[in-house]
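A short write-up of the structure that comes next.
Throughout, read-outs are computed from the coordinates displayed, never taken from laboratory work. Being a predicted model, the structure only gives us computed values, none of them experimental. Cβ placement follows ideal geometry from the backbone for every residue including glycine, while neighbour counts extend to all protein chains displayed.
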Amino acid sequence: MTNIPIRVDRGFEREFPGASALATEACANLVHTASTLLDELNRHRASVTDLSPTAAQALAVLDGAGEALPSSVIASRLLVTTASMTSLLDTLERRGFVERRSHPGDRRKILVELTPSGSAVVEKMLPVIHGAQRRAMEGLDQDQRETLVDLLALVQRHLEDIRGQELPRPRPRRRRARR
């Protein structure tokens, strides 16, 4: 089992001038936690459907919208390219989970609609996913969950603020002496 939390060596900042041991530990633990959580959610999703995580999310997006959506809207909500979305929708349509139809106001656009079969998958899948999410957070009390959400929001806002900014100039690594 991995040591929890993930820590770096004591000489980390000496070896990597300009680095922050605590920032590296925070990032490593955040990524590890996200990966572990996604693995657990995918394990639960797979108990209900053989759809890929992205395909299952696409059905959930359509279900949540409560109406047909343009594929570009689904793609933006899933953070995937429109080319990836086209391939995904081909698969979902072939399996009978979605239907494409012409947009009534713009013939150049196509709307994607959830079918009854797709809706049935979502009806079975979402309670399982929500239960897995609840279980994953059982180790935190209500206040700790709120604090976690607030802290993650701070990180998200800061990442938005620095997006596109010039990258800092790295300092050369100092190799540790061989023992």
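General observations
- Cα long-axis angle, helix 21-46 against the chain (0 to 90 degrees, to the nearest 10): 30
- Space enclosed by the convex hull of the alpha-carbon atoms of the stretch 1-141, per residue, Å³: 173
- Cβ crowding within 10 Å ranks Phe97, Phe12 as Phe12, Phe97, fewest other Cβ atoms first.
- GNM flexibility winner over the chain from Leu41, Leu30, Leu159 (Cα, springs under 10 Å): Leu159
- Dipole magnitude (debye, nearest 20) for the chain, charges at Cβ of Lys, Arg, Asp, Glu: 1140
- Most mobile listed residue (Val149, Val121, Val73) in the chain, GNM with C-alpha springs under 10 Å: Val149
- The angle separating the long axis of helix 82-94 from the principal Cα axis of greatest extent in the chain is about 50 degrees.
- The chain, helix-only ellipticity at 222 nm - DSSP H runs n ≥ 4, -39,500 (n - 2.57), divided by all residues, nearest 500: -19500 deg cm²/dmol
- Across the stretch 59-65, computed HN-Hα scalar couplings (Karplus, 6.51 cos²θ - 1.76 cosθ + 1.60, θ = phi - 60°) run 5, 5, 4, 5, 4, x, 6 Hz from first to last residue, x flagging Gly and Pro.
- The residues Glu138, Glu93, Glu123, when put in order of fewest to most other Cβ atoms within 10 Å, stand as Glu138, Glu123, Glu93.
- Directionally averaged projected area (convex hull, Cα atoms, the stretch 70-116), nm²: 3.3
- Positive-end ranking of Gln144, Thr36, Ala19 along the dipole of the stretch 15-146, with charges on Cβ about the Cα centre, is headed by Thr36.
- Summed residue charge, Cβ within 13 Å of Gly64's Cβ, Lys/Arg positive, Asp/Glu negative: -2
- Helix 142-162 and the longest principal axis of the C-alpha atoms of the chain enclose an angle of approximately 90°.
- Loop-located trypsin sites (Lys or Arg not before Pro) in the stretch 108-158 whose Cβ has at most 14 other Cβ within 10 Å (DSSP): Arg108, Lys109
- GNM flexibility winner over the chain from Leu126, Leu167, Leu59 (Cα, springs under 10 Å): Leu167
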